[in-house]
Amino acid sequence: MTTITTPNGFTIDNSGKRMVVDPITRIEGHLRCEVNLDQNNVIRNAVSSGTMWRGLEVILKGRDPRDAWAFCERICGVCTGIHALASVRAVEDALGIKIPENANSIRNLMEATQWAQDHLVHFYHLHALDWVDIVSSLKADPRATSDLAQNISPWPNSSPGYFRDVQTKLKKFVDSGQLGPFMNGYWGNPAYLLPPEANLMAVSHYLEALDFQREIVKIHTVFGGKNPHPNWLVGGMACAINVDGPLAAGAPVNMVQLNLVSSIIDRTIAFIDQVYIPDLMAIASVYKTWTYGRGLAGQNVMSYGDFPLHANEFSEHNLLMPRGAIVDGKLDAVLDVDLRDPSQVQEFVNHSWYRYPDEAAGLHPWAGITDPDFVLGPATVGTKTDIKQLDEDAKYSFIKAPRWRGHAMEVGPLSRFTIGYAKGIADFKEPVDKMLTDLGLPIDALFTTLGRTAARGLEASWAAHKMRLFFDQLMSNLRAGDLAMVNTEKWEPATWPKEVKGIGHVEAPRGSLGHWIHIKDQKIEAYQAVVPTTWNGSPRDPSGNIGAFEAALLHTPLADAAQPLEILRTLHSFDPCLACATHVLAQDGGELVRIQVR
Amino acid sequence: MRNTAAILGIGNVLWADEGFGVRAVEALHARYCTKDDVEIIDGGTQGLSLLPIVENTEYLLIFDAIDFGLPYGTMKSVFDEDVPRYLTAKKLSLHQTSFQDVLALAQLSGRIPSRMALIGVQPLDLNTYGGSLTTPVAAQIGPAIDLALLYLEDANVKFMPRLKGDEIEPLSPLSVVGVGV
């Protein structure tokens, strides 16, 4: 093959020089990416591969469905609570369990907390270094940095002395040779465009965000009993609230803790609106001419919808984050999504290291099969234990290829904001329009790598303000005398039907997450999870459609072919999380190769 | 005021000997109690969210499965500045990448624990998803705890054996605790 056009409209050409980036750093889990570059170092073909196998489906079979959340919580080092929530929702859906209003408010609050914390950590600690040159910040003038910071935000930590201290601390750290998380940077690459002062401001906020993110998750400790790994419960929440009671070991959540939650919410809103958003705007204003990374954005996007305002009601009018799918860029026609419909969500494996009886067809998750099959195509360079180059015409990833009505879809904050915008909902339309106006950009600028990053920031602000809404909702319900936290009517397996199926869906920080459960004779008969990075990082399908990662990398020029900074920038803009998309090593025990470019 | 000590088990309990660290803290917690200024944490495969725990202690003791290149089941301890070095050089799992970053960030913030100890065990099996600890690795849980108590006594941290019939709040949901050891 040299040049082909995929059914979803992308032209790929694998004739040029092949470059391998493995592993992609600053993500959770293990992702490999291979690209072909033309003579101008522009990406003409991209191959994204999850190189580890997951196997959650296998381990859950035969277990008590009420325990499934605790296993799901262990599959990822980041969004533990999100998987737990999808799991308890799946079991509740299957068994027809209705949860109390208080439990709904608390779950929404915990989820919004996770969004705010996750987006903040992603922006500063995983993604900022794709835009911010740490080493350049050592050259900044602290006085000029102070002027810049005061010009864009009322945030108090902005004196020349403050920035000088950060600079000194950073210099000491860099000089010690222990660069830690900064070790793998391409410092000095010409694709870095920020002046030293903006770099220093961003680095200072990197450190502040590090201190702040620990505050936010205290909310999970209050309602989940502990952190990491908070407690969840089928039927509601495991915490009891006693507004008037004293604080004691093992005692229910009381007013002291609720006041703590309230003050954390205030500080979260302030940090995101006064630090995160101004930093985002400062970075965007310098990089706004870097318009790469479109891929499926604005084209094929999807959201399952989330944050039911009232309990147990997942219909469109009750969801604060809307549900829908946009296909072929038709923003004026948002389609509805039904996870139960066997013809909508389907997973394909003809390019994945799994086996189906008929690989030309996709399987709905309720009929899903997870049967690993680690074989390499004839054009592979290398061996099973030392792959130099993947053969993308054959099987090449431990990620399956999910499709919605046959379409490859992008999921995540930008997809959610696109759907909210297309539906004309003020919560989404107003901040997007304001941001574009301030930057002097057209709507099309949203459908880029930078747009993905910007949408995540706007969504962090949305989530922080919604934390307040859910907290107030909880308090007014408690004050009205409703203290119910869990519904135990169907806790006992003897009350369950012989065989049932359910779905649990959540909008995770990085996109749409679904758990499909099949319960038979009080045990889990089958369990399938389709996670956000499965959607975005999917390999090709039998029709030849490429997924969001591969599509977004096309046409991007690299400033320096030896330093794939632009590849990291675009892949990071999706906030990939491979821990749950894939897991562990090749089944035959062979460790897959890790070629690190550089 | 920082905590006197934090005892942290890291690893993935769904992944055979990868779960050693978590199983070790669970067993320690089940057998001994201590004072309020000593934290015992099942860190799982968490990354940045462990930073506050690391920054908030004078003495950090870590249990983990480590590739020392020794016969499986061999236990080995490393101390202080060798801890991040071992996690960097002998990496066998994803959680160690992020945990190494956690230690570096604690260094950057100037809040690295003043003393650190890592008690590692050479794993036999890391490939069986859903598997329990292998026999030689499980057999090291008791000795690893004894060693930890010895190190911590040196740092003036005291432990009391739990009495029969003590009600123990589990570190993790029972369904997960029950899987392994």
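No value in this document is a laboratory result; all are computed from the given coordinates. No experiment lies behind these values; they were computed from the predicted model shown. Neighbour counts run over all protein chains shown; Cβ positions are idealised from the backbone, glycine included.
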> Which of B:I145, B:I168 comes first, and how do the rest follow, when ranked by fewest Cβ neighbours within 10 Å?
Replying inline: B:I168, B:I145
> Gap in Å between the Cα centre of the range A:2-27 and the Cα centre of the range A:363-428?
Replying inline: 14
> For the residues A:C239, B:C33, what sequence is obtained by ranking on other C-beta atoms within 10 Å, fewest first?
Replying inline: B:C33, A:C239
> What are the ³J(HN,Hα) values, in whole Hz, obtained from phi via the Karplus relation 6.51 cos²θ - 1.76 cosθ + 1.60 with θ = phi - 60°, for each residue of the range A:504-521 in sequence order, with x given for Gly and Pro?
Replying inline: x, 10, 9, 8, 6, x, 8, x, 6, 10, x, 10, 10, 10, 10, 10, 9, 6
> Local charge sum around A:S153 (other residues, Cβ-Cβ under 11 Å, Lys/Arg +1, Asp/Glu -1)?
Replying inline: -2
> Mean residue ellipticity at 222 nm from the helices of chain A, using -39,500 (n - 2.57) per DSSP H segment of n ≥ 4 over the full residue count, to the nearest 500 deg cm²/dmol?
Replying inline: -11000 deg cm²/dmol
> Structure shown: which of A:K17/A:K395; A:K429/A:K466; A:K288/A:K330; A:K171/A:K288 lie over 23 Å apart, alpha-carbon to alpha-carbon?
Replying inline: A:K288/A:K330; A:K171/A:K288
> Antiparallel as a % of all DSSP beta bridges within the range B:3-171, to the nearest 5?
Replying inline: 25
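First check a/c for the protein assembly as shown, with a ≥ b ≥ c the square roots of the eigenvalues of its C-alpha gyration tensor; if it is under 1.5, answer rounded, and if not, answer prolate when a/b is larger than b/c or oblate otherwise. Don't skip to the answer; put the middle values down first.
On the way: a/c = 1.19, a/b = 1.12, b/c = 1.06.
Rounded shape, in that the Cα axes give a/c under 1.5.
Which percent of the Cα-Cα distances in the range B:3-171 go past 19 Å?
51
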> What is the local net charge at A:L450, summed over the other residues whose Cβ is closer than 10 Å to its Cβ (Lys, Arg +1; Asp, Glu -1)?
Replying inline: +3
> Within chain A, which DSSP H helices have Cα atoms that stretch 20 Å or more along the helix axis and a mean Kyte-Doolittle hydropathy of at least 1.0?
Replying inline: A:255-271
> Amide H to amide H under 5 Å from B:I40: which residues, 5+ apart in sequence or cross-chain, H placed 1.01 Å off N in plane?
Replying inline: B:I7
> Once you average over the residues of A:120-127, how many Cβ atoms of partner chains fall within 10 Å of each Cβ?
Replying inline: 1
>> Just checking the output field for A:12-20: average partner chain Cβ neighbours within 10 Å of each residue's Cβ?
In response: 0
